[in-house]
Amino acid sequence: MPCERKPMRYGHSEGHTEVCFDDTGRFIVTCGNDGDVRIWESLDDDDPKFITVGEKAYSLALKNGKLVTASSNNTVQIHTFPDGDPDGILTRFTTNATHVAFNSIGSRVAAGSSDFMVKVVEVSDSSQQKTLRGHEAPVLSVTFDPKDDFLASASCDGSVVVWNIEEQTQVISLPLLQKSNDVTNAKSLCRLAWQPGMGKFLAVPVETKVHLYERGSWDHVSTLSDDLLAQPINVVSWSPCERFLAAGCVGGLLTVWDVNSKLCVERQKHEKGFTVCSLAWHPSGSHIAYTDTEGCLGLLDGLGTSTVAAKNPAKDYDDLFDDDDDRLMDEGLSDTKSPAKKAVGWDDDDDDFLVPATGRVKNRGAFLDDENSLGSSVAPAAAPVVPLRPVYEGPVPTPPQKAFQPGSTPAHLTHRFMMWNSVGIVRGYNDEQDNAIDVEFHDTAVHHAMHLTNSLGHTVADLSQEAVLLACPSTEELASKLQCLHFSSWDTNKEWMVDLPKGEDRELFSLPGPVVCMAGHGEQLLVVYHRATGFDGEQALGVQLLQLSRKRRQLISGEPLPLSQKSYLSWLGFTAQGTPCYVDSDGVVRMLNRSLGNTWTPVCNTRETCKSKSDHYWVVGVHENPQQLRCIPCKGSRYPPTLPRPAVAILPFKLPLCQTTTEKGQMEEQFWRSVLFHDHYSFLSSSGYEIDEDAQNQSQKEQQELLMKMFALSCKLEREFRCVELAEMMTQNVVTLAIRYASRSRRMALAQRLSEIALEKSNQMQEEEQEEQEEEPEYSRRYSRRQNQQEEQEDEEERGEELMKEEDRQEMEPEEATDTKKRVNPFAKEAGSPIKPSPTPTSSGQPRVTNILDNMTSSKKSAQLSSSGGKPSKSPILKPLAPKPKTKTQSTLLQMAATKTANKKVQENTEQAANLQKQPDTPPPGPPADNSENKRPKTGFQLWLEENRKSILADNPDLEETDVIKEAMGRFRTLSAEERLSWTDRAKGQSGDAADLKKRKRAEGGEGLESENEKAEADESSAKKKKSLDPSSKLSVFAFNQN
């Protein structure tokens, strides 16, 4: 009969765990990553005694009432057993010891270490030590020869070495293993085992087989293998009767061989497939204790009965088989590994008989009806041929995860969190003294803390700003109950309770599978359930999102819930702003992306900030604004303890994009994260909620600012195509900033393309305005929205100005920096430009409308005023919609001049015209809509060029105009700083005199002159529009003005 595999139980925190029995077999002793040694009276012992030996315990050995442990403080300690009193330090290493072992009589301890050394220490006198040097990498395991002459050790350098203890020399070194640089990276722990008693054989796990080496000759005499072993063997252990060898594998398979017949007599699979890292036989040989890398402890029981046939060697195969034949037929198992018609004893030199005489595939075990057993019987080859049941090797169904409540710790704990969310904490206590529930609020203004007696045995709780909800399961006598403490109710009935009918839930709707968990927020309900059976460790979960407002609708209807590979759901909920999100057991946080068709976007991986594999973060809340993931760090476990009160940590969000180490990648990640995390505004407004418009505007500004920064970076890297792609995502206002930036960077083709994009965006805006005017009832709401857009534009422009000034400061020389503030975009309409100038209506009753680019500088004052005194008061919601005058956007997109007043423009035009008359070689200026070229005051360089032009032409008579300017620039730069400054001061002096003159004229002429100036300007600009402009001459003027 197959042996029984007991359910695994939690023993230590996640990580390497070891197990052994005491000499009598009464206690199971384990050690683990939490630094504790636990002493279990049985597998069901819920309160084991424990001894803390350090931060981590790597290995343990027990003999004659002495407990030896290897801990993380690089020592091998000794404690009394079972009292656990410290009994000194046996030895020290420069790094941690990896494995310890007693000899057969308990007088010596061997310890291997990560510093490549093996030490043999006398227990009675630790000063008597022998050090075995020779390994070239950390030591994996050590084992004593039962006769105490030799010691075997395995190392990460790939070798298994047998040492002579007295002489401290190597007897033989066998290169059998794969090399690695550390124990944690080794494919196998390679725990060696010497056969007890006479010590005839040394068992060495090599990949998926066990090699047996004969003591003395050190010859490889036999190999134990099994077809079902697909992953490396980690640990081997001999039974006390010396007849059987047990092995634990990386994939969780446990195998027991009869060494004499080389038959596999028992196979068991770890219930979760975790790696088995330690094995120990009970002194009676009836059961095996084993541990895994997750810190759990398990037991195989009943081995004495399952291996009885192999323990009693049969003299007559026919007699043996008469008893077992029926059982073999039932189990459908035939082990054909033993040689045909050979005695049970085996020939040392003959390994060829592993291929059976029948010619069938060797050792093809079949699954039994018992799901936990893979086969357990002995069948010598003399048995009649039994028809085999086909072996299923396809995907294995995954056990569905149990239902749970997000924000609560497991129900079997005596002290647990029944709920921890953004409102408060509900703690449950169920021990000998008390069965109670404590409710505590993060903000005591919501409600004071409450202490409730839990007489009904509530196991589920939830907490909101208005009520506490408790529920208990049904018993044989009582129905399950739902209790609500409605503390925010304004009437006197603050508590109600309802019995749920037995075997029935009052359902408004049915789900396609068993519920895993649910979460609610406002009018939204999120439900996750099993939609099917998962395979190969995957969970097949479905999700439904319902909106239970007046318009009841299903937002997500049963789509599969994406999880990381071989993970399960560990938390489900909503952000504080109402966006569904969840966390899986791999620590990946995903949030609903409503703008992408209700898909789930990964926004954080909590495992990236964990220091150890066994550490986890327990999520308690998610916030989109500010962007915060609130969670509790759990060292060595998945759940926090209730006492002391755990501290909440705040983790940042990060989208898993490429190249996040570069500046470009970081800005891209920030941009897309900002878009995702501010998507909730549109959902809330469409659902009829009031939203924080200031925060929404701020988020849009942040996104546009990031686009502008990425645009500037792409310009520097000369990625103009990418610049255009970025511009398409910008608002119209920011595109105009981008045009200005491109023109300053002397990227004409890019600026031209951007102007076309800006034109498209302005046309779209005008179309939208026309649609708004057609929709009368929408007036007031749209108008207020447009007001907000104007405020946004002003802020965007101001930020763009700052960004460009910063760039200029970095790139320009000091003398050019003085010109920067005055410099304007040189572009104007070319003859063949598709953009036609449109006349701009001006009237005395309405102020003149300037183009968008004029606003870019003139709006700075208003922006500064508003920022200094807080936000300007918003217009009331119901405000009459005044018709807005058409802007001059279309006609003047490419013209970058900023004008403050009409008078200044006239004065500058006259100055520039006079200046151009002095330059006969310069082509006549063309007709930009506002004629930006003529508005600029002279610079120091222009004055210098006027005086020195003749000498330059005398030296180089053949120069073109552009070459003259280049030559002049070179000469001007060779002047000393004082000389250049004097020219600049002269230029400023001229413009200052003109300004004074203008002020005097204004004082004399009064308002009448102002209107005359306006007329003069209008006439002048209309006359100039008739002139044509040659592109090359325009470029030469641009080069002249730039320098």
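The values are calculated or read from the model by the stated rules, or taken from the named source; none is laboratory data. Bear in mind the structure is a predicted one, so any value in this text is a computation, not a measurement. Neighbour counts are summed over all protein chains in view; Cβ atoms, including those assigned to glycine, are modelled from backbone coordinates with ideal geometry. These accessible areas exclude ligands, DNA and RNA; they are computed on the full protein's heavy atoms, side chains included. Shrake-Rupley method; radii C 1.70, N 1.55, O 1.52, S 1.80 Å.
Of all residues assigned to region 511-527, at least one qualifies as being open to solvent by 60 Å² or more (accessible area, probe 1.4 Å), touching a Pro at 6+ places or on another chain (Cβ under 8 Å), in contact (Cβ under 8 Å) with a residue 40 or more places away in the chain and not in a strand (DSSP E or B).
Go through region 19-57 and give me each residue that's touching an Asp or Glu at 6+ places or on another chain (Cβ under 8 Å), open to solvent by 50 Å² or more (accessible area, probe 1.4 Å) and hydroxyl-bearing (S, T, Y). Hit for region 19-57 is T52, nothing else.
Applying the criterion of being open to solvent by 50 Å² or more (accessible area, probe 1.4 Å) and not in a helix (DSSP H, G or I) to the residues of region 685-730, the residue that is nearest to G578 (Cα to Cα) is Y689.
Filter region 914-970 down to the residues that are of a type in the set (S, T, N, Q) and at pLDDT 80 or above and list them by number.
Matches in region 914-970: T939, Q942, N948, S951, N956, T962.
Within region 647-661, if we keep just the residues that are touching a residue at least 24 places away in the same chain (Cβ under 8 Å) and part of a loop (DSSP other than H, G, I, E, B), the residue that is surrounded by the fewest Cβ atoms within 10 Å (Cβ to Cβ) turns out to be P652. Taken over region 635-668, the criterion of being of a type outside the set (A, V, I, L, M), under 20 Å from the mean Cα position of the chain (by Cα) and over 20 Å from V583 (Cβ atoms) is satisfied by C658, Q659, T660, T661, T662, E663, K664, G665, Q666, E668. Among the residues of region 132-156, those that are open to solvent by 30 Å² or more (accessible area, probe 1.4 Å), of a type outside the set (A, V, I, L, M, F, W, C) and on the phi < 0 side of the Ramachandran plot comprise R133, E136, K147, D149.
On inspection, D499 fails the criterion of being of a type in the set (D, E, K, R), loosely packed, with under 11 Cβ neighbours inside 10 Å and at pLDDT below 90. So the check is Cβ under 6 Å with 6+ separation or different chains; which pairs have a first residue in region 64-80 that's open to solvent by 10 Å² or more (accessible area, probe 1.4 Å) and a second one that's among the aromatic types (F, W, Y) and not in a strand (DSSP E or B)? Once the first residue is open to solvent by 10 Å² or more (accessible area, probe 1.4 Å) and sits in region 64-80, its partners that are among the aromatic types (F, W, Y) and not in a strand (DSSP E or B) give G65/F81; N74/F93.
The residues of region 54-70 that are over 20 Å from L140 (Cα atoms) and either part of a loop (DSSP other than H, G, I, E, B) or among the acidic types (D, E) (or both), listed by number, are G54, E55, N64, G65.
Check whether at least one residue in region 557-569 is closer than 30 Å to D438 by Cβ and not aromatic (F, W, Y), and report yes or no. Within region 557-569 (the criterion being closer than 30 Å to D438 by Cβ and not aromatic (F, W, Y)), the answer is yes, since at least one residue qualifies.
Residues of region 159-182 that are among the hydrophobic types (A, V, I, L, M, F, W, C) and over 27 Å from S107 (Cβ atoms): L174, L176, L177. Taking the conditions (1) in contact with a Phe, Trp or Tyr (Cβ under 8 Å, 6 or more places away or on another chain); (2) in contact (Cβ under 8 Å) with a residue 24 or more places away in the chain; (3) hydroxyl-bearing (S, T, Y) in turn, T169 satisfies each one other than (2). Any residue in region 554-571 that is of a type in the set (G, A, S), over 23 Å from C604 (Cβ atoms), open to solvent by 20 Å² or more (accessible area, probe 1.4 Å) and free of Cβ contacts under 8 Å to residues at least 60 places away in the same chain? Looking for residues that are of a type in the set (G, A, S), over 23 Å from C604 (Cβ atoms), open to solvent by 20 Å² or more (accessible area, probe 1.4 Å) and free of Cβ contacts under 8 Å to residues at least 60 places away in the same chain, one finds at least one in region 554-571, hence yes.
Looking at region 248-292, the strands (runs of 3 or more DSSP E) lying wholly inside it that each contain 2 or more residues that are under 22 Å from A57 (Cα atoms), open to solvent by less than 10 Å² (accessible area, probe 1.4 Å) and in the same structural domain as V221 (by the TED database) sit at 276-281, 288-292.
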